[in-house]
1. Which condition number does Gln10 fail, the rest of (1) within 16 Å of ligand 1 (Cβ to nearest atom); (2) in the same structural domain as Lys160 (by TED's automatic domain parsing) being met?
2. So which pairs qualify, if the first residue must be in the range 259-283 and without any contact (Cβ under 8 Å) to a residue 12 or more places away in the chain and farther than 11 Å from Arg306 by Cα, the second must be open to solvent by 10 Å² or more (accessible area, probe 1.4 Å) and within 12 Å of ligand 1 (Cβ to nearest atom), the Cβ gap must be under 9 Å, and the two must be at least 6 apart or on different chains?
3. Taking the range 287-332, which residues are open to solvent by 10 Å² or more (accessible area, probe 1.4 Å), within 11 Å of ligand 1 (Cβ to nearest atom), touching a residue at least 24 places away in the same chain (Cβ under 8 Å) and farther than 17 Å from Ile343 by Cα?
4. Name the residues in the range 68-87 that are more than 16 Å from ligand 3 (Cβ to nearest atom) and in contact with a Lys or Arg (Cβ under 7 Å, 6 or more places away or on another chain), would you?
5. Among the residues of the range 395-413, write down those that are touching a strand residue (DSSP E or B) at 6+ places or on another chain (Cβ under 9 Å) and among the small types (Gly, Ala, Ser).
6. Of everything in the range 139-153, what is touching a helix residue (DSSP H, G or I) at 6+ places or on another chain (Cβ under 6 Å) and assigned to a helix (DSSP H, G or I)? Give them in sequence order.
7. Outside the structural domain of Asn217 (by TED's automatic domain parsing), out of contact with any His (no Cβ under 9 Å at 6 or more places or on another chain) and surrounded by fewer than 16 Cβ atoms within 10 Å (Cβ to Cβ), is that true of Ser123?
8. Given Glu360, Glu356, which one is in contact (Cβ under 8 Å) with a residue 40 or more places away in the chain and farther than 19 Å from Val265 by Cβ?
Amino acid sequence: MSNVVITGAQWGDEGKGKIVDLLTEEADYIVRYQGGHNAGHTVVIGDTEFILHLIPSGVLRKGKRCVIGNGVVIDPHALLAEIDGLKERGIGIKDNLFISSRAHIIMPYHCAIEKESEKLKGSLRIGTTGRGIGPTYADKMARVGIRVADLIDREVFREKLQVNLQEMNYFLERLYGVKGFVLDEVYDEYTGYAERLRGFAADTALLLNQAIKEGKNILFEGAQGTHLDVDHGTYPYVTSSNATAGGACTGTGVGPTKIDKVLGVVKAYTTRVGSGPFPTELQDKTGEFLRDKGREYGATTGRPRRCGWFDALTTSYAAKVNGFTEMAVTKLDVLDDLDEIKICVGYKYRGKRYDEMPSELKVLEGCEPVYESMAGWKASTAGLSEYGALPQKAQRYLARIEELIGVEIGIISTGFRRDETIILKKIF
Ligand code: GDP
Ligand code: IMO
Ligand code: MG
């Protein structure tokens, strides 16, 4: 048995969905531990593409148990729509989904507040997905959040909702000058959702600890990425949860002594959606090339992703704060046609050289990347499943990444399908 955490090493969209789906074959439980439906995890099976937002990507394989942990924030409407959408496509969801009764609920006022707050921030806006994630986590920390257990208890729900609406409506109406919410309307809508969700609610911490006792394999599916983590990321241009591996413990109730491996998913280049510093961003033809070839458009919002070279500073920082035991390098095939490929190995800011990622945003925003340049391999790696079949120069690129980050590469992804993968190391 082993328990493996999968986390994104960059700013999200590293290809976690594909890797999770691949490893699910050997997992018994697949568990989301943070974030919400701001995530968009793509899994391609044959010619069919699925984009999972809130339900663990493991749901696409039969006989797997999927868990939405306490660290996740849930929009009941979005969750039910996702369940219905999957059912329509032949993916049954019934006894295979468990939702933590301690997970917090995204309420309509969270989305409204976020929308207005982003508007107010102007050029300082975060560029959120608009899903109400930040305000929901803020309420959780302020200890006024509504949890799944509260939602399914009509009395508790009404009481909490009434108090929360007084405050939220004050902000919406007085500060932002927009319409507030009517207690009875929200209550009726959400108690309707509660009835459909009731059967999924469970003490998932107990469930997972029991599974561990029985020797089951557990896969923790991180959403977002290290540099979107509220503690370790490029704050304030982050999401509001702990996307890093530690979040897998607090977000599920499984202790750190039970985690065996942490697999970092690393894109062979870098992308970012939304605002915030991105030292290796390419605002030129190469950036456009990466966006087109890599189909770099948000799986949740459809926004074009900002693209740039691989950054060894941000990635090795991620390796440290997550404690990566292995890396999965994805989208190698996207680099196939390039004449030259660069790797950022340092930053220069006001005459000073940085060999580690600094915490100051103004350094990250104003620095000049120091690059190492390599000749491209100019040959197709698309779909390759044998390491030996990779061009020498592609092998050298991967070896250099491994050397710079100091973590072994266990998986190389050469396409979006399951079989377009080179497995170098058994993860489970
Ligand atoms: P996630 O949020 O980390 O799960 O990643 P997304 O699903 O948002 O974005 C990754 C995109 O890259 C998806 O469209 C995947 O189908 C695609 N993808 C994943 N791995 C590979 C790969 O090795 N090569 C190519 N070309 N595409 C990939
Ligand atoms: P997956 O799991 C990429 C970004 C948003 C924004 C910031 C805050 O698919 O990798 P939020 O709505 O979370 O408050 O937005 O975080 N963001 C993501 N970027 N992939 C994601 O998820 C993301 N989830 C949030 O674009 O910059
Ligand atoms: Mg994504």
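The values are calculated or read from the model by the stated rules, or taken from the named source; none is laboratory data. Keep in mind the model is a prediction, meaning the values are calculated, not measured. With ideal geometry, Cβ positions are generated from the backbone for all residues, glycine too; neighbour counts draw on all protein chains shown. SASA here: full protein model, heavy atoms, side chains in, ligands and nucleic acids out. Shrake-Rupley method; radii C 1.70, N 1.55, O 1.52, S 1.80 Å.
1. Going through the list (1) within 16 Å of ligand 1 (Cβ to nearest atom); (2) in the same structural domain as Lys160 (by TED's automatic domain parsing), Gln10 breaks only (2).
2. none
3. Listed by number, the residues that qualify are Lys293, Gly298, Ala299, Thr300, Thr301, Arg305.
4. Ile68, Gly69, Asn70, Asp75, Leu80
5. Ala399, Gly410, Ser413
6. Selection gives Asp150, Leu151.
7. Here the answer is yes, as Ser123 does meet what is asked.
8. Glu356
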